[in-house]
Amino acid sequence: MNPATNLILIGPMGAGKSSIGKRLAERFGLRFVDVDQAIVERTGATIPVLFEHVGEAGFRQRERELLAEILQDEGQLVSTGGGAVIDPDNRRLIRERGFVVWLQVSVDSQLKRVGRDRNRPLLQTENREQVLRELSAAREPLYREVADLSLETDDLSPTEATCALVGRLAVQWQRGERAA
Ligand code: S3P
């Protein structure tokens, strides 16, 4: 049913990319691949440890390499990290190599979902809300640029969001549409 090579999830931290992605992958018989998880497996270091030792720039370099490697393959549901869209080459690849779903979430919901998470280095700060608002302002145009479809996940459980996406993807794919 899916005319695209891969199904690629983009969106900010806490939007539900992993939880929804696993369910969607199962629903469509796609292999679930989490780019952050691939980085951890490849480097043998957690994301916070990587940020500590090679900085955000070093992390982004590994993210770029792994994303390019993963997107050579097909038949996958690829869950990307929230900052993957910062890099123009990543954005081009994401558009070229799959049908792109942007999972949206408000800053209030992000704070509830990942505000206390220790595994996200960018949130290990006093003012998480401000950081999340700044990231959102900077990245929203980038998500918009690559998205074929978007869904607000604030009021949806992962199962509800998955059901909504299955319906909307079926409609879009039947019409052969690409843009959101
Ligand atoms: C980041 C998001 C994280 C992870 C890293 C940086 C970001 O992924 O890649 O901590 O820049 O927004 P999730 O979006 O899966 O939390």
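Taken together, the values in this text are just the output of simple stated rules run on the coordinates, not laboratory data. Please read these numbers as outputs of a predicted model, since none were measured by experiment. No Cβ is skipped: glycine too gets one built from the backbone with ideal geometry, and neighbour counts run over all protein chains shown.
Key figures for this structure:
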| read-out | value |
| --- | --- |
| Convex hull (Cα only) mean projected area of region 1-59, reported in nm² to one decimal | 5.0 |
| Shape category assigned to region 1-127 from the gyration tensor of Cα positions, a/c cut at 1.5 | oblate |
| Residues whose placed amide H lies under 5 Å from that of Phe99, excluding near-sequence neighbours | Thr5, Asn6, Leu7, Ile8 |
| Taking region 14-171 and dividing mean pair separation by its residue count, relative contact order in percent (alpha carbons under 8 Å, at least six apart) | 32 |
| Contour excess over end-to-end distance, with Cα ends at Glu56 and Asp117 and 0.36 nm allotted per residue | 20.2 nm |
| Added length on full extension, which subtracts the Cα-Cα distance from 0.36 nm per residue, Arg133 to Ser18 | 39.3 nm |
| Computed lengthening from Ala170 to Glu152, 0.36 nm per intervening residue step minus Cα-Cα distance | 4.7 nm |
| Mean Cβ count within 10 Å, highest first, over the residues of peptides 120-129, 59-68, 12-21 | 12-21, 59-68, 120-129 |
| DSSP beta bridge pairing in the chain, given as percent antiparallel to the nearest 5 | 0 |
| Spacing of the two label points (7 Å from each Cα toward its C-beta) at Glu160 and Ala68, in nm | 4.1 |
